[in-house]
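Written out below as structure tokens is the structure these notes cover.
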Amino acid sequence: MLKRTNMCGEPRPEMIGQPLTLCGWVNSYRDHGTGLIFVDLRDRSGLCQIVFDTEDASQDLLDAADKLRNEDVVAVRGTLRERAGGPNPKLDTGEVELVVETLEVLNKTQTPPFLPDENQYDLPNEEVRLKHRFIDLRRERMQRILATRHRVTKLTRDFFDAEGFLEIETPNLCKSTPEGARDFLAPSRHQPGMWYALPQSPQLFKQLLMVAGCDRYLQIPRCFRDEDPRADRQAEFTQIDLEMSFVEREDVMEIMERFVRALWKGILGVDVAPMDRMTYREAMDRYGIDRPDRRFGLELVDISDLAAETDFKVFTGALDKPRGVVKAIRVPGGAATLTRKLTDGYTEWVKQFGAGGVPVAKFSGEGETGGFETGVARFIAPIAAKLVERLGLEPGDTVLFGADSYAVATKALGELRLKVARDLGLIDTSTWDFLWVVDFPMFEHDPADGRFYALHHPFTAPTPEETERFMSMDAADIDGVESVVSAGYDVICNGSEIGGGSIRIHDQRVQEKVFDLLGLSRAEAASKFSFLLEALRFGAPPHGGIAFGLDRLVMLLEGTDNIRDVIAFPKTQTGADLLIGAPSPVDPAQLAELHVRAVEPTKG
Ligand code: ASP
């Protein structure tokens, strides 16, 4: 086999006259009948034009060239020259071409199901591409994303190595860690009826590593969460996972902020501004979500006090509910942009969040109903002037209202805010808006089952100021328990959560108290977490950490909203790997060996 001297993307004018050997795939083939046959040869570094000169080349060489088809794998040796037909500014190698003297066909291809060059050919649908992922990944864009992903992990390792972190692996066959999703399970052959859980995160192992004196831990682990399909999630995903000893919240946030800056600088050359902080409460009040996208306005404004002055049943009914609120969003210029079709659609759309609808009013500044028109104008006429002032309304604006319990109104309007921004193209995609969200509640109370759930995970500590109050708390005091602030933090970029973590509980009594409030009996807590409780008794240092979602980071850095683009071999939304055909049935003998029997769901 010809020995490669260069990658296809490397030839440059200063190499003219040199003999080079390139290897790669035939990306395109052009014979214009002008005495020259052109082939673009491709490898992961790019394309180089290679030329067969019909006057100088031997007949054998020309015959072989004539048989070349797209995606054949070849090696060529030749001499580099200035591109005869003038430079091609679209290619890095566009000023030169290789005149072929020797062609070695390394592997002929069958006709491929599609050609991996979206600049020349239409791509088939994603299903076809995933089924033939080995061809799809040949695309320039996919190769670039894989390279970016590599650079992100390399930069991560280098950055944290310089900060004294050790990369330590934790098991994949382990025991359930409560990160709030279903576990993937693997049966034990040696212990009939026993199961391993695949890690939802290495959370408890990294904490144990701190108890073990490892001081600073890094891992880029695969995590497994059997969640219901969602477009932007994969059941198997990768984290950048960290933990540090002898730290407080500020220490973790400081180093992580530096890391994010180094990442954006290193990958994109972008200087990230110092990150703002926002409390969870403020994020929910103003944006209706704990990961605010601040690249556009449309903030939620509480108008409950004004709404109480009206006779509008939708408002007063909501205010009569426990924790009832009325909130409003001002859409500047909405009278012209928010069509009736859109607003009617919103009323239906918010129902998925439990809201009854979206009352709408346009503000013209004129007329009898205090300048409001359409929709609920006459109901809000009595509070018109105050509303105009509170929302800063200008003629031509539209107001969208949400009236319900705080939880429902906030959620619905928070989601609606994002939808309106997308519908009206209000999002400034040229900015990077980073911020920390802090001061989360430790617990959420679910009225459906009357239980508390940990908002982050149950190993998150209350803030030091809150710890004493927390320890004296009783589960019956719902408001009290819900008001305890945790030492958790999330880092948000453009409305997407890219990382989240917390200072952990290192005092076994506090950990037991959390289990108590979560309704875990002492026996249950012992059976699930005795190892943790024991470790906390034997010299656990104060510690805390964070995990970043690697897939999400690469998506942001590469500007894609398809998570499958950033994973070499992803699964579809239904968890299928179309390339290898997983999941798949197994031999009954294998199941018998594992002491497992499959029960098919009954149809109907
Ligand atoms: N284990 C957490 C998660 O996966 C992150 C952390 O608390 O460090 O979200």
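The values are calculated or read from the model by the stated rules, or taken from the named source; none is laboratory data. This structure is a prediction, so every number in the text was calculated from the model and none was measured. Every residue, glycine among them, receives a Cβ derived from its backbone with ideal geometry; neighbour counts consider all protein chains shown. The protein model used for the area step is the full one, side chains on, heavy atoms only, and it has no ligands, DNA or RNA in it. Shrake-Rupley method; radii C 1.70, N 1.55, O 1.52, S 1.80 Å.
Helical content of the chain, expressed as a calculated mean residue ellipticity at 222 nm, amounts to -8500 deg cm²/dmol (DSSP H runs of 4 or more residues, -39,500 (n - 2.57) each, divided by residue number, nearest 500).
What is the distance in Å between the Cα centroid of the range 198-275 and that of the range 296-347? Using only Cα atoms, the two centres lie 38 Å from each other.
Taking 0.36 nm per residue of separation and subtracting the Cα-Cα distance, full extension of the segment from Glu368 to Asp423 would add 16.7 nm.
Here is the list for the range 1-61: trypsin sites (Lys or Arg not before Pro) lying in DSSP coil, each with at most 11 other C-beta atoms within 10 angstrom of its C-beta, are Lys3. Along the axis of the charge dipole computed for the range 284-345 (Cβ charges of +1 for Lys and Arg, -1 for Asp and Glu, origin at the Cα centre), the listed residues Tyr287, Val325, Thr339 are led at the positive end by Thr339.
To the nearest 10, the accessible area of Leu208 is 50 Å² with a 1.4 Å probe. Under a model in which nothing but the beta-carbon of Lys, Arg (+1) and Asp, Glu (-1) is charged, the chain shows a dipole of about 800 debye around its Cα centre.
In a fully extended conformation the segment linking Glu127 and Ala407 would gain 97.0 nm over its present Cα-Cα distance, using 0.36 nm per residue. For the range 89-164, relative contact order (Cα pairs under 8 Å, six or more residues apart, normalised by length) works out to 18 percent. With loop membership from DSSP and a limit of 11 other Cβ atoms within 10 Å, the longest segment of the chain without GluC sites (Glu not before Pro) is 369-604.
With the cut-off at 1.5 for a/c, could you classify the range 560-603 from its C-alpha gyration tensor as rounded, prolate or oblate? Prolate, since a/c reaches 1.5 and a/b exceeds b/c. Dipole orientation for the range 88-184: of the candidates Val128, Leu91, Thr111, Val128 has the Cα lying most toward the positive pole (charges on Cβ; Lys, Arg +1; Asp, Glu -1). FRET efficiency for the pair Arg281 and Thr467, taken as 1/(1 + (r/R0)^6) with r the Cβ-Cβ distance and R0 = 22 Å, rounds to 0.65.
Considering only Thr460, Leu173, Ala589, the residue lying farthest towards the positive end of the dipole of the chain is Ala589, judged by Cα position with unit charges set on Cβ.
Does the range 247-340 come out rounded, prolate or oblate by the C-alpha gyration tensor, with a ≥ b ≥ c the root eigenvalues, rounded set by a/c under 1.5 and, if not, prolate when a/b is larger than b/c and oblate if not? Verdict is oblate for the range 247-340.
By accessible area, using a 1.4 Å probe on protein heavy atoms only, the range 502-604 has 57% of its surface on carbon and sulfur. Couplings 3J(HN,Hα) for the range 236-244, derived from phi with the Karplus relation 6.51 cos²θ - 1.76 cosθ + 1.60 (θ = phi - 60°), are 10, 9, 10, 10, 9, 10, 9, 8, 9 Hz, where x marks Gly and Pro.
Averaging 1/r across all pairs of distinct Cα atoms in the range 514-604 and inverting the result yields a Kirkwood radius of 18.9 Å.
For the pair Glu118 and Arg340, label points projected 7 Å from Cα toward Cβ lie 3.9 nm apart. Taken along its principal axes, the alpha carbon cloud of the range 43-138 reaches lengths of 45, 31, 18 Å, longest axis first. Take the chain with all the other protein chains still there, run a 1.4 Å probe, and you get 49 Å² of accessible area per residue.
For Glu254 and Glu95, a Förster radius of 56 Å and the Cβ-Cβ distance give a FRET efficiency of 0.75, rounded to the nearest 0.05. Counting only heavy atoms of the protein chains and using a 1.4 Å probe, Thr339 has close to 70 Å² of accessible surface. For the chain, the equivalent ellipsoid built from the Cα gyration tensor has semi-axes of 52, 36, 24 Å, listed from largest to smallest. Once a ≥ b ≥ c are taken as the square roots of the eigenvalues of the Cα gyration tensor of the range 218-288, is the result rounded (a/c under 1.5), prolate (a/b larger than b/c) or oblate (a/b not larger than b/c)? The shape class here is rounded. With R₀ fixed at 25 Å, the C-beta to C-beta distance from Arg144 to Asp56 puts the FRET efficiency at about 0.10.
For the range 443-601, what is the charge dipole size about the Cα centre, in debye to the nearest 20, if Lys and Arg each add +1 at the Cβ and Asp and Glu each add -1 at the Cβ? It works out to roughly 460 debye.
Taking label points 7 Å from Cα along the Cα-to-Cβ direction, Lys175 and Val105 give a separation of 6.2 nm. Note: the range 433-507, Cα convex hull, 99 Å³ per residue.
The residues Arg129, Arg230, sorted by heavy-atom accessible surface at 1.4 Å with ligands and nucleic acids left out, run Arg230, Arg129 from largest to smallest.
Across the accessible surface of the range 203-328, with the other protein chains kept in place and a 1.4 Å probe, carbon and sulfur atoms take up 48 percent.
The range 535-566 and the range 73-96 have Cα centres separated by 43 Å. How many nm separate the modelled label positions at Ile16 and Arg323, each set 7 Å beyond the Cα in the direction of the Cβ? Label at Ile16, label at Arg323, 7.3 nm between them. In the range 7-146, the portion of solvent-accessible area held by carbon and sulfur atoms comes to 47 percent [1.4 Å probe, whole percent, DNA, RNA and ligands not counted].
The spacing between the range 413-448 and the range 8-51, judged by their C-alpha centroids, is 49 Å.
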